[in-house]
Structures are given as structure tokens and as C-alpha cells.
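A short write-up of the structure that comes next.
The values are calculated or read from the model by the stated rules, or taken from the named source; none is laboratory data. In this text, all values refer to a predicted model and were calculated from it rather than measured experimentally. Backbone-built Cβ (ideal geometry, glycine too); neighbour counts: all protein chains shown.
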Amino acid sequence: MNRISIVLVAVAALAAGCSKKDGDKAGGDKAGGDKAAGKSGGGPVAVKLPTLGLALDAPGEVKVDKAMMGEGHMLTCPGVGAMQVETAKAAQTLDEAKEDAKMYSPANLKTEALPDGWTMTFENKGGMGTNYWVDVRRTIDGKSYKCTTTGSEASQAAAVLAACKSLRKGS
């Protein structure tokens, strides 16, 4: 329950500051984050995750900051809302993740096996409406990573799922 509260507060706080204003440029910001520039409505843009030595593809302009918890990054902006990519503290099987998800009374639970991990998505009803969950585990160069979000829009969850599936070693 703490996880959903933290994520929902973060999404609300960060999404409010994500809209691109006239004159905004890609690059560092006052908070120390970096932005990956892309054309609005265009295809995915490669985004570097320097702390992890990884990259992924995300829609539009994405702000990359340090993770709220753990070693990794929080990515924010319209296409994805807010998502977190971090080193997994412990390996977790898909069956263990499904068991953990039961506390949220998941609906429309879907999973996919990946060559180097798995994906799990589901919905649940909360006090603010429907929540869309994405939980992806990947093993890259022998290290386990988790890529997650909990948001209020199905389109953002789909974008996060695609971004997580594109996670790869950075260049």
C-alpha cells in the first residue's frame, strides 16, 4: 500500500511540472535532471540512463532524474507520466510478482515472458479511480533491473510497458 501512495504522490507532483513551455530547451534543468528531446507526437526517442549504464526508447520529451528509491532513475513527462527504472534489490519471479499483486485485487492481469525477464500489467480500482500498473523485470549483463509505474491512464501504462521492453545496455 505504501508503494501506491508514494508513486501516486510522485506522479501528481511531477506530472504537474512536465508540460513543455515555449522557450524550453532540451538539456539539464535546475533540479539537475536531463531531458531527452523528441518531437511531440513523434516516435520513440532513445533516452540514456547514465547511473545504470542503460538506455530505453520513450515517447516525446522525457526528463531523467535520480530514482526516488534505490539506484536508478525516475523518468517523467506526458508520454509516460512517471516511471522508475532501477537495479532490483532481489531477484523476483513472475509467480512471486503475481502473488504480491494480489493485495491490490488486480483486474485484467496480463503477463509476457521475455528472453531476459518478464512483464506484468494489471488494473485496480482505488480512491481516485482506475490505476494502471506496469512491472517489468529484465536481466542485462548479469544484473537484474526493474522498470515500473502506477498511473491513472492506460495510454501512459502502454508507453511505459513499451519503454521497459526496449531497455538495453547504453552506448
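Scanning segment 77-119 for residues that are among the polar types (S, T, N, Q), closer than 24 Å to P59 by Cα and out of contact with any Cys (no Cβ under 9 Å at 6 or more places or on another chain) gives T87, T111. Please determine, by comparing only the residues of segment 118-161 that are of a type outside the set (A, V, I, L, M, F, W, C) and not in a strand (DSSP E or B), which one is farthest from G79 (Cα to Cα). Per the criteria, the residue is G142. The residues of segment 81-108 that are buried (at least 16 other Cβ atoms within 10 Å of the Cβ) and either assigned to a strand (DSSP E or B) or at pLDDT below 90 (or both), listed by number, are G81, A82, M83, Q84, V85, E86.
With respect to the conditions (1) under 24 Å from P44 (Cα atoms); (2) surrounded by fewer than 16 Cβ atoms within 10 Å (Cβ to Cβ); (3) of a type in the set (G, A, S), G127 lacks only one, and its number is (1). Filtering segment 83-104 to residues that are within 17 Å of S152 (Cα to Cα) and in contact with a Gly (Cβ under 7 Å, 6 or more places away or on another chain) leaves only Q84. Among the residues of segment 130-145, those that are closer than 22 Å to G53 by Cβ, of a type outside the set (D, E) and surrounded by fewer than 21 Cβ atoms within 10 Å (Cβ to Cβ) comprise T139, I140, G142, K143, S144. Only a single criterion out of (1) under 16 Å from the mean Cα position of the chain (by Cα); (2) at pLDDT 90 or above; (3) not aromatic (F, W, Y) is not satisfied by P44, namely (2). A single entry from A158, A88, A113 fulfils the requirement of being without any contact (Cβ under 8 Å) to a residue 12 or more places away in the chain, more than 14 Å from V47 (Cα to Cα) and either in contact with a helix residue (DSSP H, G or I) (Cβ under 9 Å, 6 or more places away or on another chain) or of a type in the set (A, V, I, L, M, F, W, C) (or both): A158.
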